[in-house]
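Pasting in a structure now, in structure tokens, and then I'll have a few things to ask.
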Amino acid sequence: MIHAPSLVIGAGIASIALIVVFLAFNMSSTELVVAPTPMIQETGPAQITSATFFENGSPILGNPNAPVTLIEFGDYQCFYCNQFFHKTEHDLFKNYVETGKVKVIFKDFTIIGPDSVSAAHAAHCAAEQEMFWEYHDTLYNNWKGENNGWASSENLLGFARDVGLDIDVFSKCMIESKHTSIITNSNQDAKDLGLTGTPAFFIIGPDNKVTKIGGAQPYDVFERIFNSELEK
């Protein structure tokens, strides 16, 4: 069964010191510029800062100085996140990340169930051993649906063995729930950005323009935006 929140992506986002472009499925967009976030947040809509995009996420994949940044909000149990991973991500990474044009950050939006949180935490524990992305890939390569037990604690430990992690260090990290705050804060970032489902993507260009892509869009959607940003 496909979890309903994984089918929809919210709209509406604010920003500081960034020019934000909303990209709906029909590729239409608008622009807006907003004042910097005050030191103390006032009541009202959430204030979006660069930290909303760049903090509480994975280690950077690719050249840290790449001119374009791709940020994905995902849930390891999400059907469409898995579809993006298998159908689109490989070619995007090969043509843009491995060539130094784009860097990638993955952020958690664990909306499907408790195993989503466990899987996300396991990936951050793998990051302690500099193997976040290897573990990230292993999770999606072992995806078997939503809330059916494939991301159980036992299986997560098996995945750690598969990628060659130090099991004692990994187990201690999991037992202590060391990265709970990262996941909680990343979920809040997603909510502040108005997201209601996964996957959701934000592409940040060299001029700090932010383009939002909702859902597991095909390769050519990302390619068109990447090329446009790289021409600047």
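The values are calculated or read from the model by the stated rules, or taken from the named source; none is laboratory data. All figures in this text were calculated on a predicted structure; none of them were measured in a lab. Cβ placement follows ideal geometry from the backbone for every residue including glycine, while neighbour counts extend to all protein chains displayed.
This table checks each residue for (1) among the basic types (K, R); (2) surrounded by fewer than 16 Cβ atoms within 10 Å (Cβ to Cβ).
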residue	(1), (2)
T184	no, yes
P206	no, yes
K209	yes, no
Q217	no, no
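Exactly one condition in (1) in contact with a helix residue (DSSP H, G or I) (Cβ under 9 Å, 6 or more places away or on another chain); (2) assigned to a strand (DSSP E or B) is not met by A160; state its number.
(2)
So, one more: State whether the residues of the range 42-61 include one that is surrounded by fewer than 20 Cβ atoms within 10 Å (Cβ to Cβ), part of a loop (DSSP other than H, G, I, E, B), modelled with pLDDT of 95 or more and in contact with a strand residue (DSSP E or B) (Cβ under 6 Å, 6 or more places away or on another chain). Break it down stepwise before answering.
Step one: of the range 42-61, the residues surrounded by fewer than 20 Cβ atoms within 10 Å (Cβ to Cβ) are 42-47, 49-51, 54-55, 59-61.
When the remaining residues are screened for being part of a loop (DSSP other than H, G, I, E, B), the result is 42-47, 49, 55, 59-60.
Subsequent filtering for residues that are modelled with pLDDT of 95 or more retains 55, 59-60.
Retained after the next criterion (residues that are in contact with a strand residue (DSSP E or B) (Cβ under 6 Å, 6 or more places away or on another chain)): 60.
Scanning the range 42-61, I find at least one residue that is surrounded by fewer than 20 Cβ atoms within 10 Å (Cβ to Cβ), part of a loop (DSSP other than H, G, I, E, B), modelled with pLDDT of 95 or more and in contact with a strand residue (DSSP E or B) (Cβ under 6 Å, 6 or more places away or on another chain), so the answer is yes.
Is the range 181-197 home to any residue that is in contact with a Ser or Thr (Cβ under 8 Å, 6 or more places away or on another chain) and without any contact (Cβ under 8 Å) to a residue 24 or more places away in the chain?
From the range 181-197, those in contact with a Ser or Thr (Cβ under 8 Å, 6 or more places away or on another chain) are 183, 187, 189, 192-193, 197; that's our starting set.
Adding the requirement that they be without any contact (Cβ under 8 Å) to a residue 24 or more places away in the chain leaves none.
Checked the range 181-197: no residue is in contact with a Ser or Thr (Cβ under 8 Å, 6 or more places away or on another chain) and without any contact (Cβ under 8 Å) to a residue 24 or more places away in the chain.
Restricting to the range 163-176, give me the number of residues that are in a helix (DSSP H, G or I), over 15 Å from S118 (Cβ atoms) and not charged (D, E, K, R). If you could, list the steps in order and put the result at the bottom.
Just the residues of the range 163-176 that are in a helix (DSSP H, G or I), to begin with: 167-176.
This time we only want the ones that are over 15 Å from S118 (Cβ atoms), so: 167-169, 172.
Subsequent filtering for residues that are not charged (D, E, K, R) retains 167, 169.
Qualifying residue count, the range 163-176: 2.
Right, here's the next one. If you check every pair at least six apart or on different chains, which have Cβ atoms under 8 Å apart with a residue in the range 67-92 that is under 25 Å from G113 (Cα atoms) and touching a residue at least 24 places away in the same chain (Cβ under 8 Å) first and a residue that is in a loop (DSSP other than H, G, I, E, B) and among the hydroxyl-bearing types (S, T, Y) second?
Pairs found: F73/T198; G74/T198; D75/T110; D75/T198; C78/T198; Y80/T198; C81/T198.
Next question, about the same structure. Would you confirm whether or not the range 194-203 contains a residue that is exposed (fewer than 14 other Cβ atoms within 10 Å of the Cβ), outside any helix (DSSP H, G or I) and touching a helix residue (DSSP H, G or I) at 6+ places or on another chain (Cβ under 9 Å)?
Looking only at the range 194-203, we keep the residues that are exposed (fewer than 14 other Cβ atoms within 10 Å of the Cβ), and these are none.
Looking through the range 194-203, none of the residues is exposed (fewer than 14 other Cβ atoms within 10 Å of the Cβ), outside any helix (DSSP H, G or I) and touching a helix residue (DSSP H, G or I) at 6+ places or on another chain (Cβ under 9 Å).
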